[in-house]
1. Among the residues of the range 33-40, are any at pLDDT below 85, among the aliphatic types (A, V, I, L, M) and open to solvent by less than 50 Å² (accessible area, probe 1.4 Å)?
2. Tell me which helices (runs of 4 or more DSSP H) are completely within the range 41-103 and hold 3 or more residues being open to solvent by less than 60 Å² (accessible area, probe 1.4 Å), modelled with pLDDT of 90 or more and within 18 Å of VAL25 (Cα to Cα), or say none if there are none.
Amino acid sequence: MTTNSMPAHPDGRRPWVPVALLFTVLAPAAAWLGQVVSYGPGARGPYALFYVVPLALVAATWIPPRTDAQRRRRLALGSAGCLMALFFPKQFGRQCDPVRMHR
């Protein structure tokens, strides 16, 4: 008699949702931390639109990977999105600071 024991996941990999959820929580936290430690006035008004790119990179992590290469790409996209959200206020805050612009 043959028994087929099915693993928890058909491909034998760990679930991806916790990883995507982690990046989804880390990206806004990194954006907030970047705002707190930045020198500039913050991302108000049209400058807040620059956060679309980092958050879009993090949103791409919700696409379930089917291969190991896709898994690595999703991890890279999520990491890049979180880092961009963290360093955006420092980079653009200095360029958009009205006090420094008029010197």
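The values are calculated or read from the model by the stated rules, or taken from the named source; none is laboratory data. Quick caveat, the model's predicted, so the values are computed rather than measured. Quick note on the areas: whole protein, heavy atoms, side chains included, nothing else; ligands and nucleic acids left out. Shrake-Rupley method; radii C 1.70, N 1.55, O 1.52, S 1.80 Å.
1. No: zero hits.
2. 52-59, 68-95
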